[in-house]
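A.B. asks: Have a look at this one before I ask anything.
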Amino acid sequence: MPNFDEKQKVVEDIKQKFQGASGVVLADYRGLTVAQVTNLRVELRQAGVEYRVLKNTMVRRAADEMGIKGLDEFLEGPTALAFSADPVAPAKILSEFSKKTKTLTIKAGVLEGRVIDADKVKDLANLPSREVLLSQVLAGMQGPLQGMVNVLQGPIRKFGYALEEVRKLKEAQA
């Protein structure tokens with residue numbers, strides 16, 4: 001049986017994972033086969049997400065020490081946690097895996113230190129990827145800039161048309 005110091009090390013490790021992660025998703029993995037869990041771990045690892053099965057009491061202690069409130073009600077039964085610097089990645093992967101297997105259940109999540117319920121985790125999973133969001137923002141910024149360029153080119157274009165008309169009149173007179 002582990003002693004107090006070993007348990008405290010585990011709690012400190014969990015606290016570091018919470019601090020280093022923007023997004024954490026809690027899931028109930030009951031009913032998954034070993035092959036399914038292995039596939040899930042591979043998929044999460046490729047996305048830079050750490051997937052760990054941790055004791056609920058240790059997670060509860062770490063959350064209490066960090067001041068994360070409202071997590072206790074979700075720490076019942078077998079719980080796996082997915083930690084990631086990208087808040088959307090674990091939610092997206094676990095939601096898709098949950099739809100495929102029908103056995104993995106998302107319990108809750110922690111987003112920037114706040115507990116969110118399973119519905120909000122699923123909403124987070126439905127967000128477009130970071131690259132898509134950045135391209136949408138960039139497209140939104142380009143629209144007004146292109147309009148401004150057209151407005152600024154208008155007088156120059158009209159001046160060019162006027163010069164062309166003057167040239168044609170002088171040619172006609174000559």
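The values are calculated or read from the model by the stated rules, or taken from the named source; none is laboratory data. Everything numeric here is computed off the predicted structure, so don't read it as measured data. Every residue, glycine as well, gets a Cβ built from its backbone with ideal geometry; the counts of neighbours run over all protein chains shown. Just the protein is used for accessible areas: all its heavy atoms, side chains included, with ligands, DNA and RNA removed. Shrake-Rupley method; radii C 1.70, N 1.55, O 1.52, S 1.80 Å.
A.B. asks: Given the pairs Lys100/Lys122; Lys69/Lys99; Lys17/Lys55; Lys17/Lys69; Lys99/Lys122, which span a C-alpha to C-alpha distance of over 19 angstrom in this model?
C.D. replies: Lys69/Lys99
A.B. asks: Ok, one more. Among Gly140, Ala91, Leu104, pick out the residue whose Cα is farthest towards the positive end of the charge dipole of the chain, where Lys and Arg carry +1 and Asp and Glu carry -1 on C-beta, about the Cα centre.
C.D. replies: Of Gly140, Ala91, Leu104, it is Gly140.
A.B. asks: I'd like to check one number: the per residue accessible area of the range 24-174, probe 1.4 Å, reported in Å² as a whole number.
C.D. replies: Here the residues of the range 24-174 average 64 Å² of exposed surface.
A.B. asks: Given a 1.4 Å probe and every protein chain left where it sits, what share in percent of the accessible area of the chain is carbon and sulfur?
C.D. replies: That fraction is 57 percent.
A.B. asks: Mind putting a number on the dipole of the chain about its Cα centre? Charges go on the C-beta only, +1 for Lys and Arg and -1 for Asp and Glu, and I need it in Debye to the nearest 20.
C.D. replies: 440 debye
A.B. asks: With +1 assigned to the C-beta of every Lys and Arg and -1 to the C-beta of every Asp and Glu, and no other charges, what is the dipole magnitude of the range 36-121 about the Cα centre in debye, to the nearest 20?
C.D. replies: Computed charge dipole of the range 36-121: roughly 280 debye.
A.B. asks: Turning to a different aspect of this structure: Tell me, what HN-Hα J-couplings in whole Hz come from the Karplus equation 6.51 cos²θ - 1.76 cosθ + 1.60 at θ = phi - 60° for each residue of the range 71-88, using x for Gly and Pro?
C.D. replies: Per-residue couplings from phi come out as 8, 4, 5, 9, 9, 10, x, x, 9, 10, 10, 10, 9, 7, 6, 8, x, 8 Hz.
A.B. asks: Rounded to whole Hz and in sequence order, give me ³J(HN,Hα) for the range 12-22 from the Karplus expression 6.51 cos²θ - 1.76 cosθ + 1.60, θ = phi - 60°, writing x for Gly and Pro.
C.D. replies: Per residue, the Karplus-derived 3J(HN,Hα) values read 4, 4, 5, 4, 5, 5, 5, 5, x, 10, 7 Hz.
A.B. asks: Tell me the relative contact order for the chain as a rounded percent, counting alpha carbon contacts under 8 Å between residues six or more apart.
C.D. replies: Contact order relative to length: 27 percent.
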